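The values are calculated or read from the model by the stated rules, or taken from the named source; none is laboratory data. Remember, it's a predicted structure, so these values are computed and weren't measured experimentally. Reconstructed Cβ throughout: ideal geometry from the backbone, glycine too, with neighbour counts over all protein chains shown. Each accessible area value is taken on the protein alone, full model and side chains, heavy atoms only, with ligands, DNA and RNA left out. Shrake-Rupley method; radii C 1.70, N 1.55, O 1.52, S 1.80 Å.
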Amino acid sequence: MEGVAVDQIGRFGPHQASEAAIRLARDGVIVFERLFDPAVVLSIADHVRRRVPGAYDPDAPRPEDYLSVGTKRMNGLVPIDRSMAPAIDMLLNPALDILFSAALGRDWVYESFGVISSFPGATTQGYHADDAHLFPGSAFAGSLPAYALTISIPLIEVNGINGGTEFLLGTHLSSTGEGANDTPVTSPLLPGDCMIWDYMVRHRGQANNSDKARPMLYLTACRSFWSDSKNFRPDARKLVIERDLVWSLPAASRKRLKRFKPLPGLGTGLRSISRVIGWYAPGLHQGLLKLLRRPGSLR
Ligand SMILES: O=C(O)CCC(=O)C(=O)O
């Protein structure tokens, strides 16, 4: 941790979302302390461990839509099924809505929900931004507001041994990626806290020198015109939720999750098969549809 200033990242309580938004615009990163009930976060951690064992054990099967993000590091999808329903309440936390509306405009949406882990022996990442300025090389680079935010929610305590994320404050506002201050800063996190940063701010994950994985839920919220084509494979599923969990929400909450894909079930399986037949054998597809639509058929 030599050369790393601890706790210069603005830390805010759940009732300070407007102040947090001002600081996020200035520094490119903030922490919400105790935004969530730690017991709920730990119970979600148990579900993630069961559903996505590869987030805890590098030798376990890899998560779906896995992406390697450095030596002994992974990022993967976490499908939100009924057992993870409390995660929906976390996503719809009122303080997050205030912060995201201030930073991203009132039509903000969620783009992805997954987990990022560094395993024992993970080395420090190179500095990077999660994506570039919207108009790199133009006079607008560094002067436009945020288009997307990353939200990390630790599933265990994050400290100087298992390695948090460190930031070069203010670099989201620089057309060259250089900040007024090039000393990286970080902040310890406990289950219940969350760290939020602008996609354009430069940062890196620190080395994991502990003997355990360091998993964090990893989310993206963004403006409604934007989608992440840098950090996912073209066919990746980014936000998978059991359909009823979304449809049971009031419309104002549902619109934040409108990019969700339903957890695959029999219906989605049959629709995919039908799409493949329609694509490769359109004649057969037409014939099957006619058969199914005949009076007295199964449909
Ligand atoms: O693991 C971390 O602390 C940060 C990871 C990160 O910035 C990335 O993979 O893009």
Scattering from the C-alpha atoms of the range 141-254 alone, worked out with Debye: what is log10 I(q)/I(0) at q = 0.17, 0.18, 0.21 1/Å? -1.04, -1.11, -1.27
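In terms of the Cα gyration tensor, with a ≥ b ≥ c the square roots of its eigenvalues, is the range 80-123 rounded because a/c is under 1.5, prolate because a/b exceeds b/c, or oblate?
oblate
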If I model a spin label as a point 7 Å beyond the Cα along the Cα-Cβ vector, how far apart are those points for Trp226 and Lys261 in nm? 2.2
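Tally up the carbon and sulfur contribution to the accessible surface of the chain as a whole percent, 1.4 Å probe, everything protein left in place.
Details: 8390 of 14880 Å².
Heavy-atom surface of the chain belonging to carbon and sulfur, 1.4 Å probe: 56 percent.
Can you work out the accessible area per residue across the chain, with the rest of the protein chains kept in place, probe 1.4 Å, in square angstrom? Mind dumping the intermediate values first?
Numbers: 14880 Å² over 299 residues.
It amounts to 50 Å² per residue over the chain.
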Can you give the angle from 0 to 90° between the axis of helix 282-293 and the longest principal axis of the chain, with both taken from C-alpha atoms, to the nearest 10? 70
Keeping to pairs on different chains or 8 or more places apart, tell me how many lysine pairs in the chain have Cα atoms under 24 Å apart. 10
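Can you pull the percent of Cα pairs in the range 5-263 with separation above 24 Å? Write out the running numbers ahead of the final one.
Numbers: 14605 of 33411 pairs.
In whole percent, the long-distance tail amounts to 44.
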Out of Trp226, Trp279, Trp108, any idea which swings most in a Gaussian network model of the chain, alpha carbons joined below 10 Å? Trp279
Translational diffusion coefficient (Stokes-Einstein; Kirkwood radius from C-alpha pairs) of the range 1-140 at 25 °C, 0.890 mPa s, in µm²/s: 139
Where labels lie 7 Å past Cα in the beta-carbon direction, separation of Ser248 and Ala25 in nm: 3.8
Under 5 Å from the placed amide H of Ala221, counting only residues 5+ away or on other chains, we find Glu111, Leu149, Ile151
For the pair Ser101 and Thr183, what calculated FRET efficiency results from E = 1/(1 + (r/R0)^6), where r is the Cβ-Cβ distance and R0 = 45 Å, to the nearest 0.05? 0.90
Put one equal scatterer on each alpha carbon of the range 92-213, apply the Debye formula with no solvent term, and list log10 I(q)/I(0) at q = 0.11, 0.22 1/Å to two decimals. -0.42, -1.34
List the relative contact order of the range 5-263 as a percent without decimals, with contacts defined as Cα pairs under 8 Å and 6+ residues apart. 28
Once each part is reduced to its C-alpha centroid, what is the distance from the range 86-132 to the range 1-77 in angstrom? 8
Return one number: the angle in degrees, 0 to 90 and rounded to the nearest 10, between the long axis of the Cα atoms of helix 94-104 and the longest principal axis of the Cα atoms of the chain. 80
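Given the DSSP H assignment, sum -39500 (n - 2.57) over each helix run of at least 4 residues in the chain and divide by its residue total; what's the result at 222 nm in deg cm²/dmol, nearest 500? Write out the running numbers ahead of the final one.
Working: 8 runs with 78 residues, N = 299.
When only DSSP H runs of four or more count, the value is -7500 deg cm²/dmol.
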Proximal charge balance of Gly287 [Cβ under 12 Å; K/R count +1, D/E count -1]: +3
With label points built 7 Å along Cα→Cβ from the Cα atoms of Asp46 and Leu190, find their separation and express it in nm. 2.0
If I take all pairs of Cα atoms in the range 222-299, what percentage of them are more than 17 Å from each other? 65
Would you mind checking the tilt of helix 17-27 against the longest principal axis of the Cα atoms of the chain, expressed as 0 to 90 degrees and rounded to 10? 70
